[in-house]
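**Q** Once you've had a glance at the structure underneath, I'll fire off some questions.
The values are calculated or read from the model by the stated rules, or taken from the named source; none is laboratory data. Small disclaimer: the values here were computed from a predicted structure and weren't measured. Neighbour counts run over all protein chains shown; Cβ positions are idealised from the backbone, glycine included.
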């Protein structure tokens with residue numbers, strides 16, 4: 001059961017990362033601003049392609065770390081599930097914010 005929950009959260013994270021990347025690009029092209037200062041620097045220095053590459057690499061690292069942790073026997077499974085849930089929650093908020101920016105920025 002724990003593995004199923006973790007797998008669901010990882011899949012949700014992958015989908016939300018893709019959605020965040022896509023909606024960020026759409027919002028930026030419409031005149032929005034990147035709120036994450038690190039990603040703002042990446043965009044300023046390397047453009048949207050650099051942003052997409054960094055976002056992809058960060059997503060793969062997150063996924064790899066989660067897979068590594070999941071291979072370890074966990075008596076306290078919430079140590080893995082809680083950070084995954086929190087990450088998904090904030091990714092969802094980022095996607096929601098990007099959608100709101102896209103539809104409200106003139």
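**Q** I need a count of the residues in region 68-78 that are in contact with a helix residue (DSSP H, G or I) (Cβ under 8 Å, 6 or more places away or on another chain) and either in contact (Cβ under 8 Å) with a residue 24 or more places away in the chain or farther than 11 Å from residue 6 by Cα (or both).
**A** So the count comes out to 3.
**Q** Ok, one more. For region 49-72, which residues satisfy the criterion of being in a helix (DSSP H, G or I), more than 13 Å from the chain's Cα centre (by Cα) and modelled with pLDDT under 90?
**A** 64, 65, 66, 67, 68, 69, 70, 71
**Q** With respect to the numbered conditions (1) in a helix (DSSP H, G or I); (2) within 18 Å of residue 96 (Cβ to Cβ); (3) touching a helix residue (DSSP H, G or I) at 6+ places or on another chain (Cβ under 7 Å); (4) modelled with pLDDT of 90 or more, which one is the sole condition not fulfilled by residue 13?
**A** Condition not satisfied by residue 13: (4).
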